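Written below as structure tokens is the structure these notes are about.
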Amino acid sequence: MERTNWAGNYVYRARTVHRPWSLDQVREIVAAAPRIRVVGSAHSFTDIGDSEELLSLDGLPADVVVDRSARTVSFGAGLRYGTLAEALRAEGVALANLASLPHISVGGAIATATHGSGDGNRTLAGSVAALELVTSDGAIISSARGDADFDGRVVGLGALGAVTRVTLDIEPPYEIRQRVFEGLRWEMLTEHFDEITACGYSVSVFTLWGDQVDQVWVKRRVTEAPETVRGDLHGARAATVDRHPILGLDPVNCTRQLGLAGPWSDRLPHFRLGFTPSNGEEIQSEYLVARRHAVSAIDALRGLGPMLGPLLQVSEIRTIAADRLWMSPQYGQDTVGFHFTWRPDQEAVERVLTEVEAALSPFAARPHWGKLFLAGAESIAPLYERVGDFAALVARTDPRGAFRNDWLEARVLGA
Ligand SMILES: Cc1cc2nc3c(=O)[nH]c(=O)nc-3n(C[C@H](O)[C@H](O)[C@H](O)COP(=O)(O)OP(=O)(O)OC[C@H]3O[C@@H](n4cnc5c(N)ncnc54)[C@H](O)[C@@H]3O)c2cc1C
């Protein structure tokens with residue numbers, strides 16, 4: 001049977017999928033494979049994770065170990081965030097942030113700089129304190145924050161080897177209240193952009209680029225202080241029933257709203273773990289621009305509104321804090337992400353992406369590595385100050401090129 005990614009818009013060409021259950025097996029498989037890639041939960045939208053052979057790590061022991069004095073947790077990298085969160089809740093500790101859904105593997109999320117939202121929140125890769133990597137000669141590299149090359153290894157795009165174990169920062173558990181505001185006017189968003197994204201710990205703006213913004217999802221940490229944002233957000237009204245980010249859809253699979261306090265892991269994602277967020281009938285793209293360009297980029301995309309609307313299920317605007325990870329779109333800059341959940345018509349999406357990429361090019365937009373984009377290495381490489389260091393690291397770590405694939409040549413190294 002054909003193996004596809006989660007959305008079904010990409011069919012893997014690999015015919016062999018290894019599913020080892022020990023680290024030694026991983027080392028043997030990798031050392032013997034001419035060309036191989038790790039497959040996580042296959043939530044990426046392109047050939048980024050394809051090769052002649054695939055390696056799934058979900059058979060390795062999860063082995064979740066909390067180190068309270070170091071304030072970290074270590075575990076097998078094939079684990080999904082939702083499963084990790086359940087283990088952490090049982091231990092009485094928490095992560096700083098999560099993406100929109102808990103179904104993705106930690107190894108795959110950090111390899112592509114997957115992010116949630118929040119002015120002060122870095123990508124999920126920003127919480128990596130250490131990792132263990134099996135390289136193409138079967139050797140193991142252990143690398144921790146502060147080590148030489150660590151900042152190049154975390155957002156590794158799958159190009160350096162198989163990340164078998166990850167150590168993440170943890171913190172004391174906290175609760176979140178989520179409220180949705182409806183009917184925000186564009187002028188309010190652009191005039192008060194900084195205030196709006198700062199009004200919660202994690203804020204997401206949902207729109208179809210029509211006459212108004214549609215929804216603002218505000219996730220605030222529960223503290224002693226009274227809630228300041230309740231009934232009205234710059235003219236947008238607080239929803240009185242739970243909402244789905246896609247207008248008109250049943251919110252049954254969404255995390256609870258209406259200001260009901262709940263644990264971090266049940267509020268930070270938009271979608272609940274026990275439910276599939278949708279049936280996969282979608283394609284996603286996202287572009288990250290320096291935060292100082294937020295309002296100009298919004299204006300540029302609004303100009304494309306009539307073209308975007310018919311193909312869109314929804315678009316999400318989020319903010320993400322700067323980091324120092326070489327291949328992170330957040331490298332050296334606070335960013336704003338413009339995400340698009342498209343209807344599953346790849347040809348039409350690619351036609352529209354030509355216009356989106358042209359409209360965002362004055363802002364040096366960096367595409368999300370795990371989503372669909374058109375730009376090639378010749379235009380992407382100049383956006384990454386450390387791309388030369390990354391290419392050298394790939395060559396040093398994987399001299400026989402076992403983890404190189406077509407995507408990596410076309411999008412990153414081929415410039
Ligand atoms: C419904 C949906 C919602 C999403 N929401 C968000 C969101 O909120 N925010 C966001 O930023 N992104 C989001 N994404 C994108 C998603 O987070 C990324 O595509 C991410 O890479 C998916 O992880 P994965 O495990 O499925 O990776 P895969 O697609 O399996 O792999 C991605 C890349 O990572 C590599 N890789 C995977 N595991 C390892 C490992 N252990 N060692 C080395 N390399 C590895 C693969 O080789 C491949 O190159 C979403 C995607 C979907 C489908």
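Would you kindly identify the strands (runs of 3 or more DSSP E) lying entirely within segment 160-263 that contain at least 2 residues that are among the hydroxyl-bearing types (Ser, Thr, Tyr) and within 16 Å of the ligand (Cβ to nearest atom)?
Correct list: 162-169, 202-207.
Restricting the search to segment 285-317, which residues are assigned to a strand (DSSP E or B) and closer than 15 Å to PHE363 by Cβ?
GLU286, TYR287, LEU288, VAL289, ALA290, ILE317
Residues that are in contact with an Asp or Glu (Cβ under 9 Å, 6 or more places away or on another chain), open to solvent by less than 60 Å² (accessible area, probe 1.4 Å), within 16 Å of the ligand (Cβ to nearest atom) and of a type in the set (A, V, I, L, M): does segment 362-369 have at least one?
yes
Kindly establish whether THR319 is out of contact with any Cys (no Cβ under 8 Å at 6 or more places or on another chain) and buried (at least 22 other Cβ atoms within 10 Å of the Cβ).
Taking the combined requirement at face value, the residue satisfies it.
Taking the condition farther than 30 Å from GLU347 by Cα and among the β-branched types (Val, Ile, Thr), does VAL30 pass?
Considered against the rule, which asks whether it is farther than 30 Å from GLU347 by Cα and among the β-branched types (Val, Ile, Thr), VAL30 comes out as yes.
Give segment 264-285 a look and list any residue that's within 12 Å of the ligand (Cβ to nearest atom) and touching a Leu at 6+ places or on another chain (Cβ under 8 Å), or say none.
Listed by number, the residues that qualify are LEU268, PRO269, HIS270, PHE271, PRO277, ILE283, GLN284, SER285.
Which members of segment 392-415 meet the condition of being away from the ligand (no atom under 16 Å from the Cβ), of a type in the set (A, V, I, L, M, F, W, C) and at pLDDT 95 or above?
ALA392, ALA395
Need a quick list: strands (runs of 3 or more DSSP E) entirely within segment 1-89 having at least 1 residues that are more than 10 Å from the ligand (Cβ to nearest atom) and modelled with pLDDT of 95 or more.
Ranges flagged: 16-18, 53-56, 65-67, 72-76.
Kindly check whether there is at least one residue in segment 356-378 that is in contact (Cβ under 8 Å) with a residue 24 or more places away in the chain, part of a strand (DSSP E or B) and hydrophobic (A, V, I, L, M, F, W, C).
No, every residue in segment 356-378 fails to be in contact (Cβ under 8 Å) with a residue 24 or more places away in the chain, part of a strand (DSSP E or B) and hydrophobic (A, V, I, L, M, F, W, C).
Looking at this structure, is GLY107 part of a helix (DSSP H, G or I) and within 8 Å of the ligand (Cβ to nearest atom)?
Against the criterion (part of a helix (DSSP H, G or I) and within 8 Å of the ligand (Cβ to nearest atom)), GLY107 qualifies.
Within segment 388-412, which residues are in a helix (DSSP H, G or I), over 16 Å from PHE373 (Cβ atoms) and open to solvent by 10 Å² or more (accessible area, probe 1.4 Å)?
GLY388, ASP389, ALA391, ALA392, ALA395, ARG396, THR397
Assuming LEU288 fulfils every condition listed in (1) surrounded by fewer than 16 Cβ atoms within 10 Å (Cβ to Cβ); (2) within 16 Å of the ligand (Cβ to nearest atom); (3) modelled with pLDDT of 95 or more apart from one, which condition is it?
The failed condition is (1).
Could you grab the pairs with beta carbons closer than 6 Å, sequence gap of 6+ or different chains, first residue in segment 40-65 and without any contact (Cβ under 8 Å) to a residue 24 or more places away in the chain, second one of a type in the set (S, T, N, Q)?
Taking only residues 6 or more apart or on different chains, the pairs are VAL65/SER74.
So that you can scan it fast, the table gives a plain yes or no per residue for (1) over 21 Å from LYS371 (Cα atoms); (2) without any contact (Cβ under 8 Å) to a residue 60 or more places away in the chain; (3) basic (Lys, Arg); (4) surrounded by fewer than 22 Cβ atoms within 10 Å (Cβ to Cβ):
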| site | (1), (2), (3), (4) |
| --- | --- |
| GLY118 | no, no, no, no |
| VAL128 | yes, yes, no, no |
| SER142 | yes, yes, no, yes |
| GLY146 | yes, yes, no, yes |
| VAL155 | no, no, no, no |
| ARG185 | yes, yes, yes, yes |
| GLU191 | yes, yes, no, yes |
| GLY200 | yes, no, no, no |
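LEU124 fails exactly one of the following numbered conditions: (1) surrounded by 23 or more Cβ atoms within 10 Å (Cβ to Cβ); (2) away from the ligand (no atom under 12 Å from the Cβ). What is the number of that condition?
(2)
The values are calculated or read from the model by the stated rules, or taken from the named source; none is laboratory data. These numbers were taken from a predicted model, which means no experiment stands behind them. Note that each Cβ is placed from the backbone with ideal geometry, even for glycine, and that neighbours are counted across all protein chains shown. Calculation scope for accessible area: heavy atoms of the full protein, side chains included, ligands and nucleic acids excluded. Shrake-Rupley method; radii C 1.70, N 1.55, O 1.52, S 1.80 Å.
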